[in-house]
Every structure is written in C-alpha cells, then in structure tokens.
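Q: One structure, as structure tokens, below. Some questions next.
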Amino acid sequence: MMIHTNLKNKQFHLTNGQVSYIFNVMKNGHLGHLYYGNALRHRNDFSHLQTVDVPTAASCHVYEDDPAFSLETLRQEYPAYGNSDFREPAIHVGIENAPNVPNFTYDSYKILKGKPSLKGLPSTYINEAYEASTLQIILKDEFLHVELALNYTIFQDKPVITRSASIKNNGTEKLIIERLMGASLDLPDKDFIFTHLAGTWSRERHVKERKLEMGIQAISSLRGASSHHHNPFLALKRPFTTEHTGEVYGFNFVYSSNFIMQVEVDHYDTARLTAGIHPFGFKWNLKPHEVFQSPEVVMVYSDQGLNGMSQAFHNLYREHLIPNHWRKEERPILINNWEATYFDFNEEKLVNIAKSASELGIELFVLDDGWFGKRNDDTSSLGDWHVDLNKLPNGLESLTKEISELGMKFGLWFEPEMISPNSDLYREHPDWAVGTPHQHTLGRNQLVLDFSRPEIVDYLYEKMAEIIKRTNLSYIKWDMNRNITEAFSQKLALNQQGEFFHRYILGVYNLYERLTNEFPNVLFESCAGGGGRFDPGMMYYAPQAWTSDDTDAIERLKIQYGTSFAYPVYSMGSHVSAVPNHQTLRTTPLSTRANTAYFGTFGYELDPLKLSEDERLEIKEQISFYKKHRGLIRDGLFYQLLSPFSENETAWMVVSQDQSEALVGYYKVLATPNSLKQQTLQLSGLNEAKAYQVAGRIYYGDELMQAGLQLPTEFNGVNSSSAKRGGDFQSNVFYIKSIEDLHFNDL
Ligand code: DGJ
C-alpha cells in the first residue's frame, strides 16, 4: 500500500519505503503539513509531528480562545492569504465585487490506482496502474462555491511525489484566479542551499548556489518560455550535501512558460517553497462549471546527495515522461547542416554533405533553417512553410529521396510559432501576430504567432502534417528563437488578456500533442535558440532537446553538467562541431569534442567535406564507439564526479543498471605544468565486489571507487615519451567492463 489514510485523525501518509509525505486536516478544516523526507514506518497517529505552536504577542490567531492556533506559524499544505498567514500563498481566487479571502476546508478524499493525466497539459504518466497511486483531496470554499482538488501521486519504486491542483467553479458567478500554484511545501527550517540552473543564450543552466536567508529568494520567467535564464528546477540541499552524500529536495515544474519557484524564509526561520505559474500578469476567468488545472510539480527527495536526486529525476523522465515510443528506441547519430552552411546551400551542397556523412556512419541528415520561403537570412519567411525552389529546385521530395538512397534518414527544422513581418503569411494575416494593435517589438527580426488562437494552431498542424507525410520525415527540430513581448492577443477580450501566456503554451502543447499522436515515429528535438526551453513540459513530447547553441566542448562541460541535475543525459542533443568554435573561437582537440558529446544524443554540426583524412578516420571511430555504447548512455545511471564549477577538472560517468559496464568521461581544462602527482579518479556506482577491466588493468569495484582509477601519465616537460595526455582541453573516456568469471584469487 502506498497511501495510508486515518480518517479518525484525518491524516494521510504517502509512502513507498523510500519517502514519506504526511499531512492532516487541522481543526479549522485546512490542511496542515506534518512531514516530508526519508520513509517513516507507518503508525496510526502522527499528530505529534505537528508544529507545537507557541503563542506570541504579535501573531493573529484563528480562534479567540486558542492563541496557539495561528496560520502564521503552522505548517500548511496549500495556504491562502488573508486569515492570519502573512506569507505568500499557494492560491488566490475570488469573485468580482466580493471580499477576496478564500477559505478552503476539507471535504473528502479519493484514492486512485495509477495516475490521471492533466487535461491539455504535459505530465508524468504511468503504463500500468500498479506503478503509482494518487491521492486526491477535495476542499471546498462554501462562500465562493468553489471546489479545489489537490492531487498527490506517489510512484511505486522511486523517491518521487508529483503534485498539482485544480479548481472547479460550482457557483453561478465568474471566478477570478490570480494564483494557483502546482505545489507549496512548508519545511521546518531554513538550513538549505538554494541550488538552481541559470544563464543566458550560449551558457545555459550553470549551477548557482546560495544560502537561504530570511526573505524571499526566487527564480522565474516572464518571457513566455521557461527560458535560457532560469530553468524551472530548484534543489534545496543541506550545507554538507555532496554529489554522493547528504539530504536534498529537488523540484521541477512540468511547464514551458512563465513560472515562479520561490522559497520564503520567515521570521521564525522556517522555509516555504512555492512552485507554479508566475502570478504576475496572470488572471484567469473561470466561468461556472469550468475547471482550471495547474501544471504539475515533480518533487524528489534524496539522502544520497545530488546524484541520488538526479538519478531519480532521470529514471522518472525516461520511464514516465518521454513518449513511450522513444523509451527503448535508439536515437540516430545525426549531422545538422547549420554550422556547416548556415543559410547558404543548394541541393548539391546538401547531398554532398549527406554523402560524406553517411560514409562516416552518420544515420540522419537534418536540414536546418533556410529551406523555405525566401529565407536567405533571418529577416524573412517564417510562416511560409513551403520549399524554396531557388535553393532546392527539385523540391524536398527529391532531396529526401537522395538522402534515403544514401541509407540515411531525413529531418527538417521548423519554427512553427513564429512569423516574419516579411512573409506572405504576415501580409495575409497581420492580426495573427502577438502584439497590441499599436505595438510589436521584434526579436531576431521576427514576431510570434498567436498560438492562443485555435485556428492558428490548426493552420500550423495542416502545414506541418502535410510536409511530414510528403517527405516521409523521421525527425523534426522545433525551434523558438525569441521571447514574447506585448503579450496581447487580438482575439481575446480585454479582460481575458491575463490568460494569454497560458493559452499560448496550451496551443503549443496542443500542436505537439496532435503531431506526436499522428506521427509517433517522428523524433522531435525541442529547441529554443539552443536551450531556451529545456524543460519537462517539452520533454513530454520531444525526448531530446538541443542543449545549447554553444557547441564548444569546454563550455559544454558546464552546460551539460548543470543540465544533468534534472534531465537524463540521453535527452541532451550534443554535437561535435568545427574549430575554431563558432561561439567562442576556441580550438579544442577533436577527441575532446567527441568525449564531451558522447554523454548525450550524439551528432555532428560541421562540414564533413572540410575534414582531413586523419580527422575522417578519427570520426569513423567515434561513431562506431558511440553506436556500441549508446544503449548504456540511454539506460544507465549517471554520476557526477568532479564539478566544472569548482575544479579545473570535470568528470562524470554512466553505469549500467546491472553494474556490469560503465563509461567514464574525464576532462582537464588547463594543463598543469610539472604535474608529478599520482593522478587518480574515484569512481562511483560500481559493484565493489566485482572485478572490472579498464585501461588495460583489472581492478575491483571497491578499488575503483575508493583508491580510484589511475589516470594516464600527464606530460610534465620531461617525461614526454611516457606521457599519454597533456595540453589544454585534454580528456579521456574510459570503458569499464566487469569480468564475471574472475575470482579474487585469480588476479
Ligand atoms: C537557433 C538554433 O538553436 C540553431 O541550432 C539553429 O537551428 C538556428 N536557430 C537556426 O536559425
């Protein structure tokens, strides 16, 4: 049993032997929070875990005769503002011309086998009912005639609980929702490091940390996309938590638009986490009988450090978030023509690139931006989704045919949500662009299509479906190169403009839903000017995402390391590109570029016709190496070993679930002069009693994890003949295989 209820004490305990989440109905009918963390054994009564409140002169209290019962200090499940709790609430709703102090009290509960999906929204899912159980608590506000449902799902074999809220208007008047968070969590203390992933274009998801202090610390987006700048991920780790040990709570919001994730530390040093749609500018009009559903928050608890947390997210997303079809399917090694040609190509050039790539063993050719309308640079044609016959006079069909004759699959780039002012579509439908009647701000010379309008989504569906069918597409890179300004739809009433951002992303999800249902074999890679929408909402449809436009191997260490906090390595599009690198002008060895890119969905983003014979030979080896190990990258457990944010060295590894094999990546950014010290790298996740073969030696698992793997000798200015590595931007990848039939005494 994963959900225990005690109706006498009105308590609920979700547990699966790994985590426990316990709450109750307090005497005023609101939900109180009792505990979240490592699994506790079940007992009939947990009321002793409730905060013992000490009345203070300053606090307001709910009951005249009980000064200790103050919502200001009680830990709650889904707090509202207005009656003695002064912290930021989870919910704020009301009806026009009436007092706006919601008062939701417990009504009933339901336990559901499995996990219901969230209408119109991406969310984690199950394949078999036994994989999860869901507790639904119904609360009612008798004055507003509104029903609030809080959903808690616990997964059977994972330290994961997901939460969401929905609200139903049972009254006769319009309900105005100003805030409806996916989750709120009151933690008893503030002794945490607020850890998040921040950056900008070309340096996304760098790990940032700061100590929680009294006040509000938040990450958010108001850009209409989850954003390059803040990922909807937050971890609260204890000060001494490391990669391998210690307590950490991880939160990820399954949403791709405006969000907020914040922690409010109050005057008693307790911490309240809230995560949900950003309330700024949000105002939803809920008509009688309608329901509004919040997106989902995934919560992970680990007492095994950051790796324990990340692995829980990775396992969940691989098994319960990405489209089922891609769980076990191998992703093709691709070549993308963007950095090879930019907009300057013709059919012959593309076919030559594809031919040369196919000889190297590459499996998929992706034609990026510039194949449609009159798009010779980024100033025109978005929206005109028909092939540019000047560049490809024989059409896409002929190109696809030539590519498939090379034994390769064919993929295309789209930017469906955009419209160029210089396009036939804009000339025909200027009102289809997002913007106020007198103001449109350009970004990358383009405007955004109003995806809050179903007829526009329908139009894009027809266009894309037709091209997919006609060209037998295997892959789509779905880009989104600017954020939304003047968030105004010419179709929505003035008092509905607060719904715009959410309606927009529902339109995006709707298009993804229809295309992925209709064409389950087409692999979608999400992209937003690189990693501007790398979030679990997108991952529900697109199992891989273009991690960053920055393809520099050294920059990628930080980007991929940060991204791996929440997202499986196999979801990260990672390509080998030419040097000097187009984003940093840095020159790194070809081996290091591949050694970094292996830990992702592998590909190339260069002109293979410009490679030397030696480089071609090296690339052929890289490709066959990746083909051998991509199953391990897809299914294995990922361990962070050395962080690029604190060291000159970075290391990580992937271990198969049965611990029989592993792949280790080791990277050193700058060479160390006169480096004589014995260099070793302590590994993780292996079976300590198993013997493993690696780099020509045999070690036991415990030796590799405690004494460490001996790194090859580094050039020190003298030992040049025995040196196996050296120079800046050096790296090594080690394949480790267990030797089942060797016994200790044989070694
Ligand atoms: C931004 C993407 O991230 C790039 O990979 C490329 O597709 C360009 N857009 C094309 O305009």
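The values are calculated or read from the model by the stated rules, or taken from the named source; none is laboratory data. If you're wondering where the values come from, they're calculated on a predicted model, not measured in any experiment. All Cβ positions, glycine included, derive from the backbone under ideal geometry; neighbour counts span all protein chains shown. The accessibility values were calculated without ligands, DNA or RNA, using every heavy atom of the protein model including side chains. Shrake-Rupley method; radii C 1.70, N 1.55, O 1.52, S 1.80 Å.
Q: Search region 690-728 for residues being acidic (Asp, Glu) and in a helix (DSSP H, G or I), and hand back the single one that is most open to solvent (accessible area, probe 1.4 Å).
A: GLU703
Q: With the requirement that a residue be open to solvent by less than 20 Å² (accessible area, probe 1.4 Å) and within 18 Å of ASP344 (Cα to Cα), what does region 392-410 give you?
A: Result: LEU392, GLY395, LEU396, LEU399.
Q: Condition first: within 20 Å of LEU222 (Cβ to Cβ) and acidic (Asp, Glu). Now tell me which residues in region 479-520 satisfy that.
A: GLU486, GLU499
Q: Take region 1-44 and flag every residue that is surrounded by fewer than 22 Cβ atoms within 10 Å (Cβ to Cβ), hydroxyl-bearing (Ser, Thr, Tyr) and within 32 Å of the chain's Cα centre (by Cα).
A: Answer for region 1-44, where residues must be surrounded by fewer than 22 Cβ atoms within 10 Å (Cβ to Cβ), hydroxyl-bearing (Ser, Thr, Tyr) and within 32 Å of the chain's Cα centre (by Cα): THR15, TYR35, TYR36.
Q: A further question follows. Test each condition in (1) within 16 Å of the ligand (Cβ to nearest atom); (2) on the phi < 0 side of the Ramachandran plot for PHE313 and report the one that comes out false.
A: Unmet condition: (1).
Q: Could you please let me know if GLY199 is modelled with pLDDT of 95 or more and over 11 Å from GLY531 (Cα atoms)?
A: When the stated conditions are applied, GLY199 does not pass them.
Q: Then there is this: Just checking: which of the strands (runs of 3 or more DSSP E) contained wholly in region 179-234 hold 1 or more residues that are over 30 Å from LYS283 (Cβ atoms) and either open to solvent by less than 10 Å² (accessible area, probe 1.4 Å) or touching a Gly at 6+ places or on another chain (Cβ under 9 Å) (or both)?
A: Filter on region 179-234 gives 193-200, 203-211.
Q: So, one more: Based on this model, can you work out whether LEU447 counts as in a strand (DSSP E or B) and surrounded by 15 or more Cβ atoms within 10 Å (Cβ to Cβ)?
A: yes
Q: Another one. More than 30 Å from VAL248 (Cα to Cα) and more than 16 Å from the ligand (Cβ to nearest atom): does that describe ILE505?
A: Here the answer is yes, as ILE505 does meet what is asked.
Q: What are the residues in region 671-688 that are of a type outside the set (Val, Ile, Thr) and at pLDDT below 95, if any?
A: Passing the criteria: ALA671, PRO673, ASN674, SER675, LEU676, LYS677, GLN678, GLN679.
Q: Related question: Give me the residue from region 355-376 that is over 29 Å from ASP635 (Cα atoms) and part of a helix (DSSP H, G or I) and, out of that set, nearest to the ligand (Cβ to nearest atom).
A: SER356
Q: Looking only at region 672-689, how many residues end up being touching a residue at least 24 places away in the same chain (Cβ under 8 Å), open to solvent by 40 Å² or more (accessible area, probe 1.4 Å) and outside any strand (DSSP E or B)?
A: Of the residues in region 672-689, 7 are touching a residue at least 24 places away in the same chain (Cβ under 8 Å), open to solvent by 40 Å² or more (accessible area, probe 1.4 Å) and outside any strand (DSSP E or B).
Q: Would you say MET480 is open to solvent by less than 10 Å² (accessible area, probe 1.4 Å), within 16 Å of the ligand (Cβ to nearest atom) and in a loop (DSSP other than H, G, I, E, B)?
A: So MET480 passes the test.
Q: Determine whether GLY370 is without any contact (Cβ under 8 Å) to a residue 24 or more places away in the chain and of a type in the set (Gly, Ala, Ser).
A: No, not satisfied.
Q: Another question, then. Any idea which residue in region 69-127 is surrounded by the most Cβ atoms within 10 Å (Cβ to Cβ), counting only those that are of a type in the set (Val, Ile, Thr) and within 19 Å of GLU290 (Cβ to Cβ)?
A: Result: ILE91.
Q: Filter region 643-664 for residues that are surrounded by fewer than 21 Cβ atoms within 10 Å (Cβ to Cβ), farther than 21 Å from LYS328 by Cβ and in contact (Cβ under 8 Å) with a residue 24 or more places away in the chain and give the result.
A: Hits for region 643-664 are SER643, PHE645, ASN648.
Q: Do any strands (runs of 3 or more DSSP E) lying entirely in region 1-80 carry at least 1 residues that are free of Cβ contacts under 8 Å to residues at least 24 places away in the same chain, and which ones are they?
A: Those strands (runs of 3 or more DSSP E) span 19-25, 31-38.
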